[in-house]
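Remarks on the structure that follows.
Read the figures in this text as sums done on the coordinates, not as results from a lab. Nothing here was measured: the structure is a model prediction, and the numbers come from that model. Ideal geometry is used to build each Cβ from the backbone, glycine not excepted, and the neighbour counts take in all protein chains shown.
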Amino acid sequence: MSRRMQVLRIVAAGTMAAAISSFSAMTAAWAADTIKIGSVLSMTGPASFLGDPEDKTLKIYVDKINAAGGVDGKKIELVVYDDGGDANKARTFATRLIEDDKVVAMVGGSTTGTTMAMIPVFEEAQIPFISFAGAVEIIDPVRKFVFKTPHTDKMACEKIFENIKQRNFTKIAMISGTDGFGASMRAQCVKVAPAYGVQIVVEETYGPRDSDMTAQLTKIKNTPGIQAVVNPGFGQGPAIVTRNYAQLGMSSTPFYQSHGVASKSFIDLAGAAAEGVRLPAAALLVGDKLPDNDPQKKVVVDYKTTYETTTKQPVSTFGGHAYDGLSILIAAMDRANSSDPKKVRDEIENTKEFVGTGGIVTMSPTDHLGLDLSAFRMLEVKGGDWVLVQPGS
Amino acid sequence: MMTRLNRRSVILLALATMMALLPLVFPSSYYFRVASLVWVSALAAIGLNILMGKAGQVSLGHAGFFGIGAYAVAIGPAHLGVNALAAVGIGALLSGLLAFLVGRPILRLKGHYLAIATLGLGVLIAMVITTESRWTGGPDGMPVAKLVLFGWRVSGSDTWYWITAGLLLIGTWIALNLDDTPTGRAFRALHDSETAARVAGVAVNRFKLQAFVIAAVYASVAGSALAMMNGFVNPDQAGFLHSVELVTMVVLGGLGSIVGSIVGAAVLVVLPQVLTVFQEYEHFMLGLLIIVSMIFMRDGMVPMLARLITRGRR
């Protein structure tokens, strides 16, 4: 028995070796005259509402670019992996893109967590990496090869506080989610509040899966002198907060949500309670309501039409981030006249006055985002739809 | 006795040979990365197997200890100025201590109750890691400083391949040796029948606790290794899904089979990488494969293969 066992153990070990080596044969690289661009997105799992529109957007536009002759006469080959929102998997796929697929550039990384896990890989390999994730840590401190397209949570705080300041409010309450988005934005808001003369008098939090926030809101309601309430968070938490807010009859106090809920589904979830809620969001959300002389109007309307006619699904700002990232990269390759990662990196940094769905991007060696506060529009929910808030009101 | 000794050395030798030969067929350092992930996962799975397969106690919160190890090497050097290697030790010590303290009351529970209690422990650890953002960076995780050994910065997938391979060899060696010690025999007695073990004079509670502590230390060391290899940690590593993944590795490979845990880890790490070619159907295929293998290989892959071959010989 034991002699046989020995053989068995060896066989088992052998199978494992065979499994790994057959795996290497499967992914044989095919060298062709194409430019390989990699992407790791959270297409499944809890962050799929980010990864799914990003994936669709990349595919639609890569096909379009290739149909129009590609870049420098070379076709683009897009390699996309799904990390399921898992940072560890994202890291492995990042290594795979570089070592195995030999991509020359990377767009993607749906969440801050996956992006932060992948950054060391691309920095070490010196491959340009344009992330679609929100947090400011990605580009602050500036890393040579890392860029991003979405507005940061810090900018969202500034936009909200700017509006609060214009309305001459100074004392506010904050209720935030404890998820990654909520926690990160909360920290940024606390940091920038003094610059706008805003004092956060009372602060409450809720868990990402909580189903009732009445207790926290009651405490805020009973704090005297609160002039406005800010709710950094995303997912369904903010919708519940909004409903509870109305139920407690607090609607007379101005209520601010974040760009994290800037989608139609927030209005659907919160229903009538959403009336009067303000939030900073990208122009994409109100494309058709923008004045005709708005420089972003054409881009956002074009993207929205393309996305909605191809996928038959409503457009989201997240897909827009992917559009911006891919467009910035392709434009940089065009200018560099090459797909050499280092030259492309330099040209990405040279991006000037690029009009995207997220705003007008002008990057520099100290700014790898290139957006200013004008990229955000202050919106208000009226009659179940978004309307632009006139500056100064 | 001789043959048992032989069996042990043959396994270790086979494992070491494979580890040494695999790099010869690796075309790029991406494969080193995947193999290192297998070694790390296998290390945690072997520890859990000592608890589940040998001593017969379940833990659904094992990733919690993995998380403690991972965050020890992140927080230690960053916030407390502790040397990274020392942080690995501190992580293992903390995990062992926590397992000892919590294990005393909860290991008196049996079956489903024990499963729930360990699940709760795992969830609690993950929650603390997620909320204490001043220390842990919150839900988005935090970076881990590169390991520096005698002035040499450890980096690169191939270097980590050898380090994790070494760790796994040591872990395998200890686990295999355990089989022949009084402790190992006590574990087996516990596994077969707690009542019988108690009657035979086995200090049931003490041995359960011992297995729990050993398993926690294995997971913690594996967690530290992964965190340093990745240069980044986030709370997912301590989360419930990761606990389930570890249990799946143990059960898929074969409860009680040390080689089984390595095979189980290899399958669960390598398969998703291979299956990405199926795009949208990736998760479907993975689920299907696990279901099919559990139906046809109820005892796990390695014990089942072992039985098939023995039967073939007869």
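Taking a 21 Å limit on the Cα-Cα distance, which of the listed pairs A:Lys36/A:Lys56; A:Lys75/A:Lys297; A:Lys264/A:Lys352; A:Lys159/A:Lys304; A:Lys89/A:Lys343 fall beyond it?
Going by Cα-Cα distance, A:Lys75/A:Lys297; A:Lys264/A:Lys352; A:Lys159/A:Lys304; A:Lys89/A:Lys343 fall outside the 21 Å limit.
Out of residues 5 or more away from A:Val389 or on other chains, whose amide H comes under 5 Å of its own, with H placed 1.01 Å from N in the peptide plane?
A:Met378, A:Leu379, A:Glu380
Rg/Rh for the range B:10-115: what does it come to with C-alpha atoms and Rh from Kirkwood?
1.06
Relative contact order of chain B: what whole-number percent is it, with Cα pairs under 8 angstrom and at least 6 residues apart?
Relative contact order comes out at 33 percent.
To check you understand DSSP bridge types, tell me what percent of the beta bridges within the protein assembly as shown (both residues inside) are antiparallel, rounded to 5.
Here the antiparallel bridges make up roughly 35 percent for the protein assembly as shown.
With θ set to phi - 60°, apply the Karplus curve 6.51 cos²θ - 1.76 cosθ + 1.60 along the range B:49-61 and write out the HN-Hα couplings as whole Hz, x wherever there is a Gly or Pro.
So the J values, rounded to whole Hz, are 5, 4, 6, 7, x, 8, 8, x, 10, 9, 9, 9, x.
Pull up all non-local amide H partners of A:Gly84: gap of 5 or more, or a different chain, and H-to-H distance under 5 Å with H placed in the peptide plane.
A:Met43, A:Thr44
Starting from the Cα of B:Met285, step 7 Å along the direction of its Cβ; do the same at A:Thr311; then give the gap between the two resulting points in nm.
About 2.4 nm, to one decimal.
Note down the relative contact order for the range A:216-307 as a percent, whole number, built from C-alpha pairs under 8 angstrom at least six residues apart.
After rounding, I find 24 percent.
Among A:Thr310, A:Thr242, A:Thr305, rank each residue by its count of other Cβ atoms within 10 Å, from fewest to most, as a rough exposure measure.
A:Thr305, A:Thr310, A:Thr242
Send over the Kirkwood Rh of chain A, from the inverse of the averaged 1/r over different Cα pairs, rounded to one decimal Å.
Kirkwood hydrodynamic radius for chain A: 22.3 Å.
Near B:Lys54, which lysines are there with a Cα under 20 Å away, not counting those fewer than 8 places off in the same chain?
Counting by Cα, and skipping residues close in sequence, B:Lys54 has these lysines nearby: B:Lys110, B:Lys208.
By how many nm would the segment from A:Ser374 to A:Val301 lengthen if fully extended, with 0.36 nm per residue of separation less the alpha-carbon distance?
Full-extension gain reported as 24.5 nm.
If one computes the Cα centroid of the range B:212-283 and of the range A:147-203, what distance in Å separates the two points?
One Cα centre to the other: 39 Å.
Calculate for chain A the 222 nm mean residue ellipticity that helices alone would give, adding -39,500 (n - 2.57) per DSSP H run of length 4 or more and normalising by residue count, nearest 500 deg cm²/dmol.
-14000 deg cm²/dmol
In terms of the ratio Rg/(2.2 N^0.38 Å) built on C-alpha atoms, what value belongs to the range B:2-240?
Rg over 2.2 N^0.38 Å, computed on Cα atoms: 1.05.
Based solely on its DSSP helices, what 222 nm [θ] is calculated for chain B when runs of n ≥ 4 H residues each add -39,500 (n - 2.57) and the sum is averaged over all residues, nearest 500 deg cm²/dmol?
Result for chain B: -24500 deg cm²/dmol, rounded to the nearest 500.
Between B:Lys146 and B:Phe278, 0.36 nm times their residue separation minus their Cα-Cα distance comes to what?
The span from B:Lys146 to B:Phe278 would gain 44.0 nm if fully extended.
Any idea how far apart A:Lys171 and B:Ile116 come out in nm if each label point goes 7 Å out from Cα toward Cβ?
Label-label distance for A:Lys171 and B:Ile116, simple model: 4.7 nm.
In degrees, nearest 10, range 0 to 90: what is the angle between the Cα axis of helix A:48-67 and the longest Cα principal axis of chain A?
The two axes meet at around 60 degrees.
Just need log10 I(q)/I(0) for the range A:235-393 at q = 0.09, 0.14 Å⁻¹, Debye formula, equal scatterers on the alpha-carbon atoms, no solvent, rounded to two decimals.
Once normalised to I(0) and log-transformed, intensities are -0.36, -0.77.
Compute and list, largest first, the equivalent-ellipsoid semi-axes of the range A:50-106 from the alpha carbon gyration tensor, each √(5λ) rounded to a whole angstrom.
Values for the range A:50-106, descending: 24, 16, 6 Å.
What would the Debye equation give as log₁₀ I(q)/I(0) for the range A:138-218 at q = 0.14, 0.19, 0.21, 0.25 Å⁻¹, counting only Cα atoms as equal point scatterers?
One equal scatterer on each Cα of the range A:138-218 leads to -0.56, -0.91, -1.02, -1.20.
Charges only on Cβ, +1 for Lys and Arg, -1 for Asp and Glu: so what's the dipole of the protein assembly as shown about the Cα centre, in debye to the nearest 20?
So the dipole magnitude of the protein assembly as shown works out to roughly 2600 debye.
Evaluate the distance, in nm, between pseudo-label points positioned 7 Å from the Cα of B:Ile295 and of A:Thr34 along their respective Cα→Cβ axes.
It is 3.7 nm.
Fewest first, what order do B:Arg153, A:Arg243 take by the number of other Cβ atoms within 10 Å?
With the fewest neighbours first, B:Arg153, A:Arg243 line up as B:Arg153, A:Arg243.
Name the residues of the range A:332-358 whose amide N is less than 20 Å from a point 7 angstrom out from the Cα of A:Ser364 along the C-beta direction?
Only A:345-356 pass the distance filter.
With a 10 Å Cβ neighbour count serving as the proxy for reagent exposure, in which order, fewest first, do A:Lys154, A:Lys89, A:Lys59 appear?
If I rank by nearby Cβ atoms, fewest first, I get A:Lys59, A:Lys154, A:Lys89.
Can you work out the FRET efficiency for the pair B:Asn205 and A:Val190, with r the C-beta to C-beta distance and R0 = 60 Å, to the nearest 0.05?
Efficiency at R0 = 60 Å is approximately 0.80.
If you count, for each residue, the other Cβ atoms within 10 Å and average over each peptide, how do B:188-197, A:108-117, B:286-295 line up from highest to lowest?
The packing order, highest mean first, is A:108-117, B:188-197, B:286-295.
Comparing A:Pro295, A:Pro280, A:Pro128, which has the greatest mean-square fluctuation in the GNM of chain A with Cα pairs linked when under 10 Å apart?
Looking only at A:Pro295, A:Pro280, A:Pro128, the largest GNM fluctuation is found for A:Pro295.
Restricting the calculation to Cα positions, tell me the Rg (one decimal) and the Dmax (whole number) of the protein assembly as shown in Å.
So, for the protein assembly as shown, Rg and Dmax equal 27.3, 89 Å respectively.
Within the range A:350-393, list the residues whose amide N lies under 13 Å from a label point set 7 Å along Cα→Cβ of A:Ser251.
It comes to A:381-384, nothing else.
Using Cα pairs under 8 angstrom and six or more residues apart, how large is the relative contact order of chain A, in percent?
Computed over chain A, the figure is 16 percent.
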